[in-house]
Amino acid sequence: MMKHIQHRDSPRYIQVHPDDNVAVVVNDGGVASGARFSDTLQASENIPQCHKIALADIPRDSEIKRYGQVIGTALTAIRRGSRVGAEQLSMPSAPPLDRLPLSDGASRDQTPLQGHTFEGFRNADGTVGTRNLLGITTTVQCVAGVLDHAVERIRKELLPLYSNVEDVVALTHNYGCGVAIDAKDAYIPIRTVRNLARNPNLGGEALVIGLGCEKLQAQQIMHEGDRSIDLQEPWFYRLQESKTGFKEMIHQIMSLAEARLQKLDKRRRETCPASELILGMQCGGSDAFSGITANPALGFASDLLIRAGATVLFSEVTEVRDAVHILTARAKTPEIARQLIEQMDWYDHYLHLGGADRSANTTPGNKAGGLSNIVEKALGSVVKSGHSAISGVIGPGERIKEKGLIFCATPASDFVCGTLQLAAGMNLHVFTTGRGTPYGLAMAPVIKVSTRSELAQRWPDLIDVDAGRIISSAGSLEDLGWELFHYYLDVASGRKRTWAEQHRIHNDLTLFNPAPIT
Ligand code: CA
(Lines give C-alpha, C1' and ligand atoms only; values in the text may rest on other atoms or scores of the structure.)
Protein backbone atom coordinates (compact mmCIF):
# COMPACT_ATOMS: atom_id res chain seq x y z
CA MET A 1 0.00 0.00 0.00
CA MET A 2 2.90 2.38 0.51
CA LYS A 3 3.61 3.90 -2.83
CA HIS A 4 6.56 6.06 -2.10
CA ILE A 5 9.19 6.06 0.65
CA GLN A 6 12.36 8.06 0.09
CA HIS A 7 15.83 7.42 1.50
CA ARG A 8 15.74 7.34 5.29
CA ASP A 9 18.05 10.27 6.16
CA SER A 10 16.71 12.78 3.66
CA PRO A 11 13.37 14.55 4.03
CA ARG A 12 10.79 11.82 3.61
CA TYR A 13 7.06 11.41 3.29
CA ILE A 14 4.68 8.49 2.91
CA GLN A 15 1.90 8.54 0.36
CA VAL A 16 -0.53 5.73 1.18
CA HIS A 17 -2.55 5.52 -2.03
CA PRO A 18 -1.72 6.61 -5.60
CA ASP A 19 -4.83 8.84 -5.68
CA ASP A 20 -3.76 10.79 -2.58
CA ASN A 21 -2.91 14.48 -2.96
CA VAL A 22 -1.47 14.70 0.56
CA ALA A 23 1.27 12.64 2.23
CA VAL A 24 2.64 12.40 5.78
CA VAL A 25 6.09 13.71 6.75
CA VAL A 26 7.96 10.92 8.54
CA ASN A 27 11.27 12.44 9.67
CA ASP A 28 11.81 12.65 13.43
CA GLY A 29 11.47 16.35 14.22
CA GLY A 30 9.70 17.04 10.93
CA VAL A 31 11.17 19.01 7.99
CA ALA A 32 12.20 22.66 7.79
CA SER A 33 10.89 25.20 5.33
CA GLY A 34 12.79 24.83 2.05
CA ALA A 35 13.57 21.13 2.66
CA ARG A 36 13.73 19.34 -0.65
CA PHE A 37 12.37 15.81 -1.01
CA SER A 38 14.18 13.51 -3.41
CA ASP A 39 11.67 14.26 -6.13
CA THR A 40 10.84 17.84 -7.10
CA LEU A 41 8.70 18.51 -4.02
CA GLN A 42 9.90 21.24 -1.66
CA ALA A 43 8.40 22.11 1.75
CA SER A 44 7.23 25.72 1.67
CA GLU A 45 7.01 25.91 5.47
CA ASN A 46 8.11 23.94 8.54
CA ILE A 47 6.11 20.71 8.72
CA PRO A 48 6.19 18.62 11.93
CA GLN A 49 6.52 14.83 11.89
CA CYS A 50 3.20 13.05 11.19
CA HIS A 51 1.71 16.16 9.58
CA LYS A 52 0.50 16.34 6.00
CA ILE A 53 2.18 17.98 3.02
CA ALA A 54 0.32 18.84 -0.19
CA LEU A 55 1.66 16.81 -3.12
CA ALA A 56 -0.13 19.00 -5.66
CA ASP A 57 -1.79 22.40 -5.84
CA ILE A 58 -5.26 21.87 -4.35
CA PRO A 59 -7.82 24.46 -5.50
CA ARG A 60 -10.35 25.78 -3.01
CA ASP A 61 -13.42 23.51 -2.59
CA SER A 62 -11.69 20.52 -4.12
CA GLU A 63 -11.22 17.14 -2.47
CA ILE A 64 -8.32 16.24 -0.21
CA LYS A 65 -7.53 12.53 -0.35
CA ARG A 66 -5.67 10.16 1.93
CA TYR A 67 -5.97 6.33 1.92
CA GLY A 68 -7.55 6.89 -1.53
CA GLN A 69 -10.59 8.35 0.29
CA VAL A 70 -11.85 11.90 0.68
CA ILE A 71 -10.90 13.24 4.12
CA GLY A 72 -12.22 16.76 3.46
CA THR A 73 -12.51 19.63 1.00
CA ALA A 74 -10.08 22.55 0.87
CA LEU A 75 -11.38 25.68 2.59
CA THR A 76 -8.73 27.77 0.80
CA ALA A 77 -6.40 27.17 -2.14
CA ILE A 78 -3.49 25.03 -0.91
CA ARG A 79 -0.13 25.26 -2.67
CA ARG A 80 1.99 22.21 -3.39
CA GLY A 81 4.58 21.77 -0.63
CA SER A 82 2.59 23.48 2.11
CA ARG A 83 1.31 21.93 5.34
CA VAL A 84 -2.27 20.70 5.28
CA GLY A 85 -3.85 20.94 8.74
CA ALA A 86 -7.30 20.68 10.31
CA GLU A 87 -7.96 24.39 9.69
CA GLN A 88 -7.57 23.99 5.93
CA LEU A 89 -10.20 21.35 5.36
CA SER A 90 -13.89 20.97 5.97
CA MET A 91 -15.07 17.57 7.12
CA PRO A 92 -17.26 15.51 4.78
CA SER A 93 -20.54 14.21 6.19
CA ALA A 94 -20.58 10.62 7.42
CA PRO A 95 -21.51 7.90 4.90
CA PRO A 96 -25.35 7.71 4.83
CA LEU A 97 -26.43 4.46 6.48
CA ASP A 98 -29.22 3.69 4.01
CA ARG A 99 -26.95 3.50 0.98
CA LEU A 100 -24.18 1.16 2.06
CA PRO A 101 -23.04 -1.97 0.24
CA LEU A 102 -24.51 -4.86 2.25
CA SER A 103 -21.81 -7.47 1.47
CA ASP A 104 -20.02 -7.73 -1.83
CA GLY A 105 -20.23 -11.52 -1.71
CA ALA A 106 -16.51 -11.87 -2.43
CA SER A 107 -14.88 -14.90 -0.86
CA ARG A 108 -12.18 -13.72 1.49
CA ASP A 109 -11.31 -17.20 2.70
CA GLN A 110 -7.57 -17.67 2.93
CA THR A 111 -5.52 -20.82 3.34
CA PRO A 112 -6.02 -22.12 6.88
CA LEU A 113 -2.99 -21.75 9.09
CA GLN A 114 -2.39 -24.92 11.07
CA GLY A 115 -0.12 -26.12 13.84
CA HIS A 116 0.11 -22.92 15.89
CA THR A 117 -0.58 -23.36 19.59
CA PHE A 118 -0.28 -21.67 22.95
CA GLU A 119 -0.29 -22.88 26.54
CA GLY A 120 -3.57 -21.92 28.17
CA PHE A 121 -5.94 -22.79 31.01
CA ARG A 122 -8.98 -24.74 29.82
CA ASN A 123 -12.28 -23.75 31.46
CA ALA A 124 -15.37 -25.83 32.15
CA ASP A 125 -17.43 -23.65 29.79
CA GLY A 126 -15.14 -24.46 26.83
CA THR A 127 -13.21 -21.20 26.83
CA VAL A 128 -9.48 -20.92 27.45
CA GLY A 129 -7.74 -18.46 29.76
CA THR A 130 -4.33 -16.96 29.05
CA ARG A 131 -4.00 -16.20 32.77
CA ASN A 132 -5.23 -17.97 35.91
CA LEU A 133 -6.79 -15.18 37.96
CA LEU A 134 -9.10 -15.18 40.97
CA GLY A 135 -11.87 -12.72 40.07
CA ILE A 136 -14.13 -11.15 42.69
CA THR A 137 -16.98 -9.16 41.21
CA THR A 138 -19.38 -6.77 42.86
CA THR A 139 -23.04 -5.88 42.59
CA VAL A 140 -22.57 -2.29 43.71
CA GLN A 141 -19.91 0.38 44.25
CA CYS A 142 -20.74 0.52 48.00
CA VAL A 143 -18.60 -2.57 48.62
CA ALA A 144 -15.53 -1.43 46.66
CA GLY A 145 -13.54 -0.05 49.59
CA VAL A 146 -13.96 -3.17 51.72
CA LEU A 147 -13.21 -5.44 48.79
CA ASP A 148 -10.06 -3.51 47.84
CA HIS A 149 -8.85 -3.92 51.41
CA ALA A 150 -9.60 -7.66 51.33
CA VAL A 151 -7.90 -8.07 47.95
CA GLU A 152 -4.75 -6.46 49.28
CA ARG A 153 -4.67 -8.97 52.12
CA ILE A 154 -5.50 -11.91 49.83
CA ARG A 155 -2.60 -10.91 47.57
CA LYS A 156 -0.21 -10.63 50.51
CA GLU A 157 -1.33 -13.51 52.74
CA LEU A 158 -3.06 -16.12 50.56
CA LEU A 159 -1.75 -15.84 47.02
CA PRO A 160 1.83 -16.96 47.93
CA LEU A 161 0.31 -20.27 49.12
CA TYR A 162 -1.28 -20.99 45.73
CA SER A 163 1.53 -20.62 43.23
CA ASN A 164 -0.50 -21.65 40.16
CA VAL A 165 -2.85 -18.70 40.60
CA GLU A 166 -1.31 -15.60 39.08
CA ASP A 167 -3.24 -12.79 40.73
CA VAL A 168 -6.48 -11.69 42.33
CA VAL A 169 -8.64 -9.04 40.65
CA ALA A 170 -11.49 -7.00 42.13
CA LEU A 171 -14.13 -6.22 39.49
CA THR A 172 -15.25 -2.95 41.04
CA HIS A 173 -17.40 -0.50 39.07
CA ASN A 174 -19.77 2.40 39.59
CA TYR A 175 -23.03 0.60 38.81
CA GLY A 176 -25.56 -1.25 40.99
CA CYS A 177 -27.58 1.32 42.88
CA GLY A 178 -28.78 4.88 42.35
CA VAL A 179 -29.55 3.81 38.80
CA ALA A 180 -32.73 3.41 36.77
CA ILE A 181 -32.38 -0.37 36.69
CA ASP A 182 -35.39 -0.90 34.41
CA ALA A 183 -34.53 1.89 31.97
CA LYS A 184 -34.48 1.03 28.27
CA ASP A 185 -30.68 0.86 27.95
CA ALA A 186 -29.88 -0.48 31.44
CA TYR A 187 -29.34 -3.91 29.91
CA ILE A 188 -25.97 -2.64 28.66
CA PRO A 189 -24.22 -2.08 32.03
CA ILE A 190 -26.01 -5.10 33.57
CA ARG A 191 -24.95 -7.56 30.92
CA THR A 192 -21.46 -6.05 30.99
CA VAL A 193 -21.09 -6.78 34.72
CA ARG A 194 -22.49 -10.29 34.17
CA ASN A 195 -20.22 -11.11 31.23
CA LEU A 196 -17.12 -9.61 32.84
CA ALA A 197 -17.50 -12.19 35.62
CA ARG A 198 -17.44 -14.94 32.99
CA ASN A 199 -14.19 -13.81 31.35
CA PRO A 200 -12.01 -16.81 30.43
CA ASN A 201 -9.04 -15.44 32.41
CA LEU A 202 -11.09 -15.77 35.62
CA GLY A 203 -11.69 -19.45 34.97
CA GLY A 204 -15.09 -18.50 33.55
CA GLU A 205 -16.54 -17.64 36.96
CA ALA A 206 -16.04 -15.08 39.70
CA LEU A 207 -16.96 -14.73 43.35
CA VAL A 208 -19.60 -12.07 44.02
CA ILE A 209 -19.61 -9.51 46.83
CA GLY A 210 -22.79 -7.52 47.38
CA LEU A 211 -24.05 -5.07 49.96
CA GLY A 212 -27.61 -6.36 50.37
CA CYS A 213 -30.01 -3.50 49.68
CA GLU A 214 -28.84 -2.52 46.16
CA LYS A 215 -30.92 -2.66 43.00
CA LEU A 216 -28.59 -4.98 41.10
CA GLN A 217 -28.89 -8.36 42.80
CA ALA A 218 -26.33 -11.14 42.56
CA GLN A 219 -28.77 -13.42 40.77
CA GLN A 220 -28.99 -10.91 37.93
CA ILE A 221 -25.27 -11.18 37.43
CA MET A 222 -24.96 -14.92 37.82
CA HIS A 223 -28.23 -16.59 36.90
CA GLU A 224 -29.58 -15.01 33.77
CA GLY A 225 -29.11 -16.34 30.29
CA ASP A 226 -27.51 -19.68 29.73
CA ARG A 227 -25.43 -19.77 32.89
CA SER A 228 -26.02 -22.28 35.64
CA ILE A 229 -24.21 -21.92 38.91
CA ASP A 230 -23.12 -24.67 41.24
CA LEU A 231 -24.98 -23.59 44.39
CA GLN A 232 -23.04 -26.10 46.49
CA GLU A 233 -19.98 -23.98 46.08
CA PRO A 234 -19.76 -20.79 48.12
CA TRP A 235 -19.58 -17.93 45.68
CA PHE A 236 -21.51 -15.05 47.22
CA TYR A 237 -21.38 -12.84 50.31
CA ARG A 238 -23.43 -9.76 51.29
CA LEU A 239 -21.69 -7.27 53.57
CA GLN A 240 -24.97 -6.50 55.36
CA GLU A 241 -24.95 -10.08 56.70
CA SER A 242 -22.08 -9.06 58.99
CA LYS A 243 -23.08 -8.92 62.68
CA THR A 244 -19.87 -7.40 63.97
CA GLY A 245 -18.54 -5.07 61.28
CA PHE A 246 -15.50 -4.59 59.13
CA LYS A 247 -13.20 -7.33 60.47
CA GLU A 248 -15.88 -9.95 59.97
CA MET A 249 -16.47 -8.75 56.39
CA ILE A 250 -12.78 -9.10 55.56
CA HIS A 251 -12.67 -12.55 57.19
CA GLN A 252 -15.71 -13.73 55.19
CA ILE A 253 -14.32 -12.50 51.87
CA MET A 254 -10.95 -14.10 52.58
CA SER A 255 -12.60 -17.43 53.44
CA LEU A 256 -14.53 -17.43 50.17
CA ALA A 257 -11.36 -16.49 48.32
CA GLU A 258 -9.35 -19.27 49.93
CA ALA A 259 -11.87 -21.93 48.89
CA ARG A 260 -11.79 -20.67 45.31
CA LEU A 261 -8.00 -20.37 45.30
CA GLN A 262 -7.72 -24.07 46.22
CA LYS A 263 -9.78 -24.92 43.15
CA LEU A 264 -7.96 -22.55 40.78
CA ASP A 265 -4.58 -23.74 42.02
CA LYS A 266 -5.22 -27.24 40.64
CA ARG A 267 -5.30 -25.85 37.10
CA ARG A 268 -2.29 -26.22 34.79
CA ARG A 269 -1.51 -24.76 31.42
CA GLU A 270 -2.07 -27.15 28.53
CA THR A 271 -1.38 -26.94 24.82
CA CYS A 272 -4.31 -25.33 23.03
CA PRO A 273 -4.75 -24.48 19.35
CA ALA A 274 -4.35 -20.80 18.39
CA SER A 275 -8.06 -20.92 17.54
CA GLU A 276 -8.82 -20.52 21.27
CA LEU A 277 -7.38 -17.01 21.31
CA ILE A 278 -9.83 -14.12 21.60
CA LEU A 279 -7.80 -11.04 20.79
CA GLY A 280 -9.26 -7.58 21.40
CA MET A 281 -7.70 -4.80 19.35
CA GLN A 282 -7.93 -1.09 19.94
CA CYS A 283 -5.98 2.13 19.63
CA GLY A 284 -5.57 5.22 21.79
CA GLY A 285 -3.58 8.41 21.51
CA SER A 286 -3.54 7.90 17.74
CA ASP A 287 -1.49 9.91 15.29
CA ALA A 288 -1.12 10.07 11.51
CA PHE A 289 1.33 7.13 11.70
CA SER A 290 -1.28 4.84 13.28
CA GLY A 291 -2.76 4.05 9.88
CA ILE A 292 0.58 3.38 8.17
CA THR A 293 2.61 1.44 10.75
CA ALA A 294 0.96 -0.07 13.84
CA ASN A 295 -2.59 -0.57 12.60
CA PRO A 296 -1.62 -2.25 9.28
CA ALA A 297 0.75 -4.54 11.24
CA LEU A 298 -2.15 -5.48 13.54
CA GLY A 299 -4.29 -6.03 10.45
CA PHE A 300 -1.73 -8.42 8.98
CA ALA A 301 -1.48 -10.34 12.29
CA SER A 302 -5.28 -10.34 12.58
CA ASP A 303 -5.57 -12.04 9.19
CA LEU A 304 -3.08 -14.68 10.39
CA LEU A 305 -5.14 -15.31 13.53
CA ILE A 306 -8.34 -15.59 11.51
CA ARG A 307 -6.60 -18.11 9.23
CA ALA A 308 -5.64 -20.03 12.40
CA GLY A 309 -9.31 -20.14 13.40
CA ALA A 310 -9.08 -17.60 16.24
CA THR A 311 -11.42 -14.78 17.22
CA VAL A 312 -10.39 -11.16 16.74
CA LEU A 313 -12.44 -8.23 18.04
CA PHE A 314 -12.28 -4.73 16.64
CA SER A 315 -14.35 -1.95 18.14
CA GLU A 316 -14.64 1.81 18.64
CA VAL A 317 -17.82 2.88 16.83
CA THR A 318 -16.84 6.54 16.39
CA GLU A 319 -13.60 5.43 14.75
CA VAL A 320 -15.42 3.07 12.41
CA ARG A 321 -18.43 5.19 11.50
CA ASP A 322 -16.67 7.20 8.77
CA ALA A 323 -15.14 4.10 7.19
CA VAL A 324 -18.24 1.93 7.53
CA HIS A 325 -18.76 1.82 3.75
CA ILE A 326 -15.49 -0.14 3.49
CA LEU A 327 -16.55 -2.56 6.24
CA THR A 328 -20.15 -3.37 5.27
CA ALA A 329 -18.82 -4.57 1.91
CA ARG A 330 -16.58 -7.00 3.81
CA ALA A 331 -19.41 -8.50 5.91
CA LYS A 332 -19.77 -12.22 5.32
CA THR A 333 -23.52 -11.89 4.74
CA PRO A 334 -25.96 -9.01 4.14
CA GLU A 335 -27.45 -9.78 7.59
CA ILE A 336 -24.09 -9.16 9.28
CA ALA A 337 -23.74 -5.91 7.29
CA ARG A 338 -27.19 -4.87 8.55
CA GLN A 339 -26.18 -5.62 12.16
CA LEU A 340 -23.12 -3.41 11.69
CA ILE A 341 -25.30 -0.61 10.33
CA GLU A 342 -27.71 -1.01 13.27
CA GLN A 343 -24.84 -0.45 15.70
CA MET A 344 -23.78 2.71 13.81
CA ASP A 345 -27.35 3.96 13.77
CA TRP A 346 -27.79 3.32 17.51
CA TYR A 347 -24.63 5.32 18.22
CA ASP A 348 -25.56 8.20 15.89
CA HIS A 349 -28.79 8.46 17.88
CA TYR A 350 -26.97 8.20 21.23
CA LEU A 351 -24.58 11.03 20.28
CA HIS A 352 -27.46 13.12 18.97
CA LEU A 353 -29.35 12.79 22.28
CA GLY A 354 -26.28 14.20 24.01
CA GLY A 355 -26.07 17.10 21.58
CA ALA A 356 -22.80 15.77 20.15
CA ASP A 357 -21.71 14.28 16.87
CA ARG A 358 -18.82 12.18 15.64
CA SER A 359 -16.49 15.19 15.48
CA ALA A 360 -16.39 15.07 19.32
CA ASN A 361 -14.03 12.09 19.02
CA THR A 362 -10.79 13.69 17.85
CA THR A 363 -8.60 14.92 20.73
CA PRO A 364 -6.08 17.80 20.86
CA GLY A 365 -3.37 15.08 20.95
CA ASN A 366 -4.71 13.47 17.77
CA LYS A 367 -4.54 16.85 16.04
CA ALA A 368 -1.03 17.56 17.32
CA GLY A 369 -0.21 14.12 15.87
CA GLY A 370 -1.29 15.25 12.41
CA LEU A 371 -4.83 13.83 12.31
CA SER A 372 -7.08 16.54 10.92
CA ASN A 373 -10.47 15.05 11.67
CA ILE A 374 -12.40 11.90 12.53
CA VAL A 375 -12.61 10.81 8.88
CA GLU A 376 -8.83 10.61 8.60
CA LYS A 377 -8.64 8.97 12.05
CA ALA A 378 -11.29 6.36 11.17
CA LEU A 379 -9.66 5.43 7.86
CA GLY A 380 -6.41 4.76 9.74
CA SER A 381 -8.20 2.96 12.57
CA VAL A 382 -10.12 0.33 10.58
CA VAL A 383 -6.88 -0.86 8.95
CA LYS A 384 -6.49 -2.91 12.17
CA SER A 385 -9.21 -5.23 10.93
CA GLY A 386 -7.01 -6.49 8.07
CA HIS A 387 -8.67 -7.97 4.99
CA SER A 388 -10.68 -10.87 6.40
CA ALA A 389 -14.44 -11.14 6.11
CA ILE A 390 -16.42 -9.82 9.09
CA SER A 391 -18.19 -12.83 10.52
CA GLY A 392 -20.16 -11.35 13.40
CA VAL A 393 -21.35 -8.23 15.22
CA ILE A 394 -22.07 -7.89 18.95
CA GLY A 395 -23.49 -4.98 20.94
CA PRO A 396 -21.84 -3.31 23.96
CA GLY A 397 -21.44 -5.74 26.88
CA GLU A 398 -22.52 -8.74 24.81
CA ARG A 399 -20.51 -11.96 24.81
CA ILE A 400 -19.19 -13.39 21.53
CA LYS A 401 -21.21 -16.14 19.93
CA GLU A 402 -18.91 -17.24 17.10
CA LYS A 403 -15.28 -17.23 16.04
CA GLY A 404 -13.68 -15.14 13.32
CA LEU A 405 -13.40 -11.39 12.86
CA ILE A 406 -16.05 -9.78 15.07
CA PHE A 407 -17.12 -6.16 15.29
CA CYS A 408 -17.68 -5.58 19.02
CA ALA A 409 -19.56 -2.25 19.23
CA THR A 410 -18.04 -0.05 21.92
CA PRO A 411 -17.22 3.60 22.44
CA ALA A 412 -13.66 4.48 21.43
CA SER A 413 -12.76 5.59 24.99
CA ASP A 414 -9.82 3.32 25.86
CA PHE A 415 -10.93 2.00 29.25
CA VAL A 416 -14.62 1.70 28.23
CA CYS A 417 -13.64 -0.20 25.09
CA GLY A 418 -11.25 -2.42 27.05
CA THR A 419 -13.94 -3.18 29.65
CA LEU A 420 -16.49 -4.10 26.97
CA GLN A 421 -14.00 -6.29 25.10
CA LEU A 422 -13.31 -8.12 28.40
CA ALA A 423 -17.07 -8.66 28.72
CA ALA A 424 -17.10 -10.01 25.16
CA GLY A 425 -14.69 -12.71 26.34
CA MET A 426 -11.32 -11.29 25.30
CA ASN A 427 -8.37 -13.24 26.72
CA LEU A 428 -5.60 -11.10 25.15
CA HIS A 429 -5.48 -7.41 24.26
CA VAL A 430 -3.36 -5.41 21.82
CA PHE A 431 -3.30 -1.65 21.84
CA THR A 432 -1.65 0.74 19.36
CA THR A 433 -0.55 4.22 20.34
CA GLY A 434 1.20 7.15 18.69
CA ARG A 435 1.11 9.80 21.39
CA GLY A 436 1.75 7.23 24.14
CA THR A 437 -0.32 5.97 27.07
CA PRO A 438 0.55 3.69 30.00
CA TYR A 439 -2.85 1.93 29.58
CA GLY A 440 -3.29 -1.52 31.06
CA LEU A 441 -6.02 -3.95 32.21
CA ALA A 442 -6.02 -6.20 35.27
CA MET A 443 -7.98 -9.04 33.64
CA ALA A 444 -5.99 -9.56 30.44
CA PRO A 445 -2.45 -8.95 29.25
CA VAL A 446 -2.23 -5.72 27.22
CA ILE A 447 0.42 -5.60 24.48
CA LYS A 448 1.23 -2.01 23.60
CA VAL A 449 2.45 -1.26 20.08
CA SER A 450 3.90 2.14 19.21
CA THR A 451 3.30 3.76 15.84
CA ARG A 452 6.68 5.54 15.96
CA SER A 453 10.17 4.40 16.97
CA GLU A 454 10.79 7.66 18.82
CA LEU A 455 8.05 6.76 21.31
CA ALA A 456 9.35 3.19 21.72
CA GLN A 457 12.85 4.54 22.43
CA ARG A 458 11.60 7.17 24.85
CA TRP A 459 9.36 4.67 26.72
CA PRO A 460 11.31 1.40 26.47
CA ASP A 461 9.68 0.08 29.66
CA LEU A 462 6.08 0.70 28.54
CA ILE A 463 6.00 -0.09 24.81
CA ASP A 464 6.16 -3.82 24.03
CA VAL A 465 6.48 -3.70 20.24
CA ASP A 466 7.79 -0.87 18.02
CA ALA A 467 5.85 -0.75 14.76
CA GLY A 468 7.67 2.47 13.82
CA ARG A 469 10.42 0.17 12.52
CA ILE A 470 8.39 -0.08 9.32
CA ILE A 471 9.53 3.47 8.69
CA SER A 472 12.65 3.98 10.83
CA SER A 473 14.43 0.80 9.72
CA ALA A 474 12.49 0.09 6.53
CA GLY A 475 11.13 -3.10 8.15
CA SER A 476 8.46 -4.98 6.22
CA LEU A 477 4.85 -5.04 7.26
CA GLU A 478 4.76 -8.81 6.72
CA ASP A 479 7.73 -9.43 9.03
CA LEU A 480 6.24 -7.26 11.75
CA GLY A 481 2.83 -8.92 11.31
CA TRP A 482 4.37 -12.38 11.79
CA GLU A 483 6.40 -11.13 14.75
CA LEU A 484 3.21 -9.87 16.38
CA PHE A 485 1.44 -13.17 15.71
CA HIS A 486 4.19 -15.11 17.51
CA TYR A 487 4.34 -12.50 20.26
CA TYR A 488 0.59 -12.96 20.85
CA LEU A 489 1.14 -16.71 21.32
CA ASP A 490 4.10 -16.12 23.67
CA VAL A 491 2.20 -13.65 25.83
CA ALA A 492 -0.91 -15.87 25.83
CA SER A 493 1.25 -18.76 27.05
CA GLY A 494 2.71 -16.70 29.89
CA ARG A 495 6.20 -17.12 28.37
CA LYS A 496 6.36 -13.36 27.98
CA ARG A 497 4.86 -10.74 30.27
CA THR A 498 3.87 -7.35 28.91
CA TRP A 499 5.26 -4.20 30.49
CA ALA A 500 1.86 -3.30 31.92
CA GLU A 501 1.78 -6.71 33.64
CA GLN A 502 5.33 -6.42 34.92
CA HIS A 503 4.61 -3.01 36.45
CA ARG A 504 1.11 -4.09 37.53
CA ILE A 505 -0.40 -0.95 36.00
CA HIS A 506 -4.00 -1.08 34.96
CA ASN A 507 -6.97 1.18 34.43
CA ASP A 508 -10.24 0.79 36.29
CA LEU A 509 -13.09 -1.13 34.73
CA THR A 510 -15.32 1.54 33.23
CA LEU A 511 -18.88 0.57 32.36
CA PHE A 512 -20.75 2.05 29.43
CA ASN A 513 -24.04 3.20 30.90
CA PRO A 514 -26.30 5.05 28.46
CA ALA A 515 -29.22 4.76 30.94
CA PRO A 516 -30.21 7.35 33.59
CA ILE A 517 -28.68 7.63 37.07
CA THR A 518 -31.25 8.38 39.78
CA1 CA B 1 -9.55 3.74 22.03
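Structure values in brief
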{"quantity": "Any pair with Cβ under 6 angstrom, 6 or more apart, that starts in region 266-285 at a residue that is away from the ligand (no atom under 15 Å from the Cβ) and ends at one that is in a loop (DSSP other than H, G, I, E, B) and of a type outside the set (A, V, I, L, M, F, W, C)", "calculated": "Arg267/Asn132; Ala274/His116; Ser275/Gly309; Ile278/Gly425; Ile278/Asn427"}
{"quantity": "Single unsatisfied condition, Asn366 versus (1) of a type outside the set (Lys, Arg); (2) under 29 Å from Ser107 (Cα atoms); (3) within 16 Å of the ligand (Cβ to nearest atom); (4) not in a loop (DSSP other than H, G, I, E, B)", "calculated": "(2)"}
{"quantity": "Residue pairs meeting the criteria (Cβ under 6 Å; at least 6 apart or on separate chains; first within 16 Å of the ligand (Cβ to nearest atom), in region 316-335; second hydroxyl-bearing (Ser, Thr, Tyr) and assigned to a helix (DSSP H, G or I))", "calculated": "Val317/Tyr347; Glu319/Ser381"}
{"quantity": "Test result for Leu509, crowded, with 17+ Cβ neighbours inside 10 Å, over 17 Å from the mean Cα position of the chain (by Cα) and either outside the structural domain of Thr362 (by TED's automatic domain parsing) or modelled with pLDDT of 95 or more (or both)", "calculated": "no"}
{"quantity": "Residue pairs meeting the criteria (Cβ under 7 Å; at least 6 apart or on separate chains; first within 14 Å of the ligand (Cβ to nearest atom), in region 413-430; second of a type in the set (Phe, Trp, Tyr))", "calculated": "Asp414/Tyr439; Val416/Phe512; Leu420/Phe512"}
{"quantity": "Hey, Arg504 over 17 Å from the mean Cα position of the chain (by Cα) and closer than 30 Å to Leu216 by Cβ or not", "calculated": "yes"}
{"quantity": "Qualifying residue in region 144-153 (condition: more than 17 Å from Glu205 (Cβ to Cβ), basic (Lys, Arg) and modelled with pLDDT of 95 or more)", "calculated": "yes"}
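Listed here are the residues, each with its yes/no results for (1) crowded, with 24+ Cβ neighbours inside 10 Å; (2) of a type outside the set (A, V, I, L, M, F, W, C); (3) in the same structural domain as Gly481 (by TED's automatic domain parsing); (4) at pLDDT below 95.
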| residue | (1), (2), (3), (4) |
| --- | --- |
| Ile336 | no, no, yes, no |
| Ile341 | no, no, yes, no |
| Gly355 | no, yes, yes, yes |
| Thr363 | no, yes, yes, yes |
| Ala368 | no, no, yes, yes |
| Lys377 | yes, yes, yes, yes |
| Ser388 | no, yes, yes, no |
| Val416 | no, no, yes, no |
| Asn427 | yes, yes, yes, no |
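The values are calculated or read from the model by the stated rules, or taken from the named source; none is laboratory data. This one's a predicted model, so the numbers in the text were calculated from it and none came from an experiment. Because the Cβ atoms are built from the backbone with ideal geometry, glycine has one as well, and the counts that use them run over all protein chains shown.
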